[in-house]
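Enquirer: Provided herewith is a single structure, encoded as structure tokens, for subsequent inquiry.
The values are calculated or read from the model by the stated rules, or taken from the named source; none is laboratory data. Treat the numbers as computed from the prediction; the structure is a model and nothing was measured. As a convention, Cβ positions derive from the backbone with ideal geometry for all residues, glycine included, and neighbour counts pool all protein chains shown.
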Amino acid sequence: MKKLLLLLALFGSYKLWHHLEEGAIPEQAATHNEVIMYSLTTCGYCKQKARELKEAEIDYHEYFIDVDAKRKDELTAKLQRAGFTPRAWGTPILDVHGVMLPNNPSLDRIREHL
């Protein structure tokens with residue numbers, strides 16, 4: 001019985017991971033006209049995404065969640081409201097017009113919601 005439960009838990013985790021890897025996001029509606037990037041001060045991917053956004057001439061606000069607890073709490077609340085299950089998310093995480101895009105989304109994914 002324990003093996004069956006473990007197997008079901010692993011399969012469910014794999015399905016969720018695979019679903020998220022394919023870029024699926026919970027249904028969300030635009031709620032504002034901003035692009036917000038939540039970053040870490042030590043994150044190389046965040047620095048690269050900032051360069052990409054500037055080169056693509058996409059205006060954005062950047063908040064560093066490792067030094068601003070208020071912004072970290074704001075991000076957590078937004079992810080929960082958007083239907084994402086609590087877990088460790090990779091940065092940068094973007095909020096594009098109210099649509100949450102975690103795990104360093106591509107510019108194409110970002111442009112879909114502009």
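Enquirer: With the condition kept exactly as written, say whether any residue in the range 46-54 is part of a loop (DSSP other than H, G, I, E, B) and surrounded by 15 or more Cβ atoms within 10 Å (Cβ to Cβ). Outline the logic, then answer.
Expert: Going through the range 46-54, the residues part of a loop (DSSP other than H, G, I, E, B) turn out to be none.
Looking for residues that are part of a loop (DSSP other than H, G, I, E, B) and surrounded by 15 or more Cβ atoms within 10 Å (Cβ to Cβ), one finds none in the range 46-54, hence no.
Enquirer: Right, another one. Residues of the range 105-114 being at pLDDT 95 or above, touching a Leu at 6+ places or on another chain (Cβ under 8 Å) and assigned to a loop (DSSP other than H, G, I, E, B), which ones?
Expert: PRO105
Enquirer: Considering only the range 66-104, how many residues are without any contact (Cβ under 8 Å) to a residue 12 or more places away in the chain and part of a loop (DSSP other than H, G, I, E, B)?
Expert: 4
Enquirer: Here's another thing I want to ask about it. From (1) under 16 Å from VAL35 (Cα atoms); (2) within 13 Å of the chain's Cα centre (by Cα); (3) touching a residue at least 60 places away in the same chain (Cβ under 8 Å), pick out the condition that doesn't hold for LEU114.
Expert: (2)
Enquirer: Considering each residue of the range 42-65, count those that are more than 16 Å from the chain's Cα centre (by Cα) and touching a residue at least 40 places away in the same chain (Cβ under 8 Å), and give that number.
Expert: 3
Enquirer: Another question about this same structure. Tell me yes or no: at least one residue of the range 7-20 is assigned to a loop (DSSP other than H, G, I, E, B), of a type in the set (A, V, I, L, M) and modelled with pLDDT under 95. Working first, answer last.
Expert: Within the range 7-20, the first condition is being assigned to a loop (DSSP other than H, G, I, E, B), and the residues that meet it are none.
Within the range 7-20 (the criterion being assigned to a loop (DSSP other than H, G, I, E, B), of a type in the set (A, V, I, L, M) and modelled with pLDDT under 95), the answer is no, since none of the residues qualifies.
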